[in-house]
1. Would you mind telling me which numbered condition in (1) part of a loop (DSSP other than H, G, I, E, B); (2) within 13 Å of the ligand (Cβ to nearest atom) Leu20 fails?
2. Determine which single condition Glu518 fails, assuming it passes every other condition in (1) surrounded by 19 or more Cβ atoms within 10 Å (Cβ to Cβ); (2) part of a helix (DSSP H, G or I); (3) at pLDDT below 95.
3. Counting just the residues of the range 530-567 that are away from the ligand (no atom under 16 Å from the Cβ) and not in a helix (DSSP H, G or I), which one comes out modelled with the lowest pLDDT?
4. State yes or no: is Ala64 more than 9 Å from the ligand (Cβ to nearest atom), at pLDDT 95 or above and either small (Gly, Ala, Ser) or surrounded by 21 or more Cβ atoms within 10 Å (Cβ to Cβ) (or both)?
5. Search the range 590-608 for residues that are farther than 23 Å from Gln540 by Cα and pair each with any residue that is of a type outside the set (Asp, Glu) and in a loop (DSSP other than H, G, I, E, B) when their beta-carbon atoms are under 6 Å apart and the residues are at least 6 apart or on different chains.
6. Scan the range 114-158 for residues that are among the acidic types (Asp, Glu) and crowded, with 22+ Cβ neighbours inside 10 Å and jot them down.
7. Just to be sure before I move on: is Ala315 within 23 Å of Ser469 (Cα to Cα), at pLDDT 85 or above and outside any helix (DSSP H, G or I) in the structure I sent?
8. So how many residues does the range 336-395 have that are more than 16 Å from Arg219 (Cβ to Cβ), charged (D, E, K, R) and at pLDDT below 90?
Amino acid sequence: MSNFSVEPAQYRKASPLQLLKNIWGYDGFRPIQEESINAILGKQDSLIVLPTGGGKSLCFQIPALLMDGMAVVLSPLISLMKDQVDGLKEMGVEAASLNSSLDWDETRETLDRVRAGRIKILYIAPERLRHQKTLELLKQARVTFFVIDEAHCISHWGHDFREDYRQLGSVKSLFPDASIHAFTATATQEVQKDILDQLQLTDPVVRIAPIDRENLTYRILPRDSASKQVLYLLEQHAREAGIIYCIRRDDVEKISLELNRAGHKNVPYHAGLPDEVRRKHQELFSQEKVNLVVATVAFGMGIDRSNIRFVIHTAMPKNIEHYQQETGRAGRDGLPAACTLLYSGADYRTWETILGDSPQKEVMMEKLNAFYRFCTEPQCRHKAFSSYFGQTYPKDNCDACDYCLKEMEMVEEPLIAAQKILSCVWRVNQRFGADHVANVLAGQTNENIVRWEHDKLSTFGIMPDSAKSTIRSLIEQLVGQNYLRRDPEYSTLVITSLGQSALKGKSTPVLAKPLAKEKKKAVEKERRQRQEQSWGPMDQELFAKLREKRMELAMQKSVPAFIIFGDKSLKEMAVRKPKTVEAFAQIYGVGERKCAEYAEIFLSVIRG
Ligand code: ADP
């Protein structure tokens with residue numbers, strides 16, 4: 001790791017934009033970044049909501065370099081701290097962290113450097129603030145401002161409440177001269193208010209960036225066989241990096257094994273694995289030695305790998321906030337990435353059981369319901385996302401979800417389809433589950449149907465043209481849109497008051513059905529063509545060579561590959577093929593420091 005050769009005094013004379021260009025090698029700010037930097041420079045408390053990949057780190061790292069004293073970043077994740085500190089050091093910035101993973105010598109060295117005023121950015125875990133010694137250290141050091149990362153963790157209304165965050169409420173009174181800046185990727189309006197109250201921010205600047213990530217394409221499909229569907233998706237993402245999320249540890253093990261057997265090399269990750277195995281698997285993925293991880297939600301926080309091209313959920317996550325965070329890990333480099341969710345009504349039950357008697361159950365169930373509606377209502381996914389977070393989506397067609405890409409076919413007469421299903425539920429006396437009802441409607445006999453004489457019902461076989469899987473999907477959509485509900489104890493389908501009103505023809509659901517095979521093929525072909533176009537006239541062979549070189553350097557330095565350069569930078573090199581150091585300096589993500597260190601190395605690959 002290189003030592004700190006760039007003198008901080010040099011930075012202080014620069015403007016934020018100059019630092020962005022010279023140190024980070026970027027051309028301009030993204031939405032909200034400049035405003036949040038100015039709030040810190042103006043010593044005004046702030047709350048900044050920027051989606052994952054939106055570029056939060058820069059917002060506090062730049063002011064930290066421009067101001068006297070030290071910035072303290074409270075962050076819940078050790079692995080994230082490590083990556084950020086490594087990244088900063090790589091750019092020549094004096095940064096360090098204090099957390100439980102360091103040994104005594106490392107800790108002492110950091111403490112000495114803090115006392116000597118040699119650190120510009122110190123990352124610490126929130127629980128450290130419980131220790132008097134840490135508070136004394138920070139009192140002695142000149143802390144200019146505090147950053148509360150993942151600030152939503154302070155709120156009970158949030159999806160990730162952490163007890164250790166509660167004590168952050170006292171930072172304001174303990175350090176009255178330092179300003180406080182809360183950052184999060186996800187916060188509903190309720191959570192935003194809670195953050196402001198609990199941190200006791202004074203007259204704060206509040207800026208909420210558009211939650212939408214336009215480079216992510218969302219697809220939500222009913223699940224019939226997770227393994228088969230995942231295998232199918234992996235074929236479309238050959239050699240790309242991706243995360244496959246499952247709810248349960250058992251599912252992680254099972255799918256991971258199946259994929260490895262099918263030749264898709266991957267590592268599993270869940271909280272049941274020993275610490276060192278988890279660490280190793282995370283490292284293999286971060287360092288790009290493995291491209292696939294099959295994981296529970298335990299995986300992901302602190303994963304900065306910027307070239308994740310797809311995220312697959314094999315089941316419904318428990319709320320929209322989690323989904324936003326988990327899918328947000330894809331495409332941080334700004335290039336297109338795909339997010340596919342496979343859901344089934346059974347997932348709802350699974351979560352209900354997992355939540356058990358948790359004191360948070362009521363809030364959680366409400367969020368789960370909102371997610372279920374999100375899955376089952378055919379509509380623009382980007383729009384639905386934005387409106388959940390209280391934002392208006394500006395476009396009529398996002399061109400980046402299954403609905404807008406016309407990968408779903410709308411049911412032409414949704415009221416009639418709904419009435420057929422609802423009357424069947426009525427005829428079986430609201431005492432049977434979705435599978436049985438679908439069998440009756442499709443006209444499929446089995447032992448149960450004969451025993452209950454449901455083959456004699458007027459609704460038996462009234463949807464002969466629809467596959468059973470389609471009928472199942474329509475039933476889920478009716479549940480999601482509250483025309484039907486499931487009895488919590490027996491999972492039997494029950495008609496709601498909205499369902500009654502549909503039976504009378506007074507309200508109509510929005511229903512979609514899966515595309516027929518030929519149509520699906522045509523849509524996929526078009527999609528592939530588009531994807532290829534988005535990569536432009538890139539020299540694929542050169543790109544592969546640049547990646548190899550990056551990997552070699554990353555291994556030498558024991559840092560993740562993206563810390564050397566992101567895919568977007570390599571892609572630009574492979575398109576523009578710079579021949580001189582000056583031209584190399586113009587590439588996205590090439591700051592002065594990286595130019596000095598890497599220009600010749602990468603130029604020789606390009607020339608070769
Ligand atoms: P977040 O913490 O909000 O998820 P990061 O701070 O990790 O996001 O930033 C995501 C990626 O975007 C990083 O590779 C970062 O260097 C890059 N980035 C941030 N700001 C800009 C910018 N203004 N222009 C180009 N790239 C940027």
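1. All conditions are met except number (1).
2. (1)
3. Trp535
4. Details: more than 9 Å from the ligand (Cβ to nearest atom): yes; at pLDDT 95 or above: no; either small (Gly, Ala, Ser) or surrounded by 21 or more Cβ atoms within 10 Å (Cβ to Cβ) (or both): yes.
Considered against the rule, which asks whether it is more than 9 Å from the ligand (Cβ to nearest atom), at pLDDT 95 or above and either small (Gly, Ala, Ser) or surrounded by 21 or more Cβ atoms within 10 Å (Cβ to Cβ) (or both), Ala64 comes out as no.
5. Gly591/Gly25; Arg593/Met91; Arg593/Gly92
6. Here is the first cut: in the range 114-158, the ones among the acidic types (Asp, Glu) are 127, 136, 149-150.
Listed by number, the residues that qualify are Asp149, Glu150.
7. Values: within 23 Å of Ser469 (Cα to Cα): yes; at pLDDT 85 or above: yes; outside any helix (DSSP H, G or I): yes.
Taking the combined requirement at face value, the residue satisfies it.
8. From the range 336-395, those more than 16 Å from Arg219 (Cβ to Cβ) are 345-370, 372-373, 386-395; that's our starting set.
Okay, now just the ones that are also charged (D, E, K, R), so 347, 349, 352, 357, 361-362, 366-367, 373, 395.
If we keep only those that are at pLDDT below 90 too, we end up with 347, 349, 352, 357, 361-362, 366-367, 373.
Qualifying residue count, the range 336-395: 9.
The values are calculated or read from the model by the stated rules, or taken from the named source; none is laboratory data. For clarity, every value in this text was computed on a predicted model and none was experimentally measured. A quick note on method: Cβ atoms are made from the backbone with ideal geometry, for glycine too, and the neighbour counts reach across all protein chains shown.
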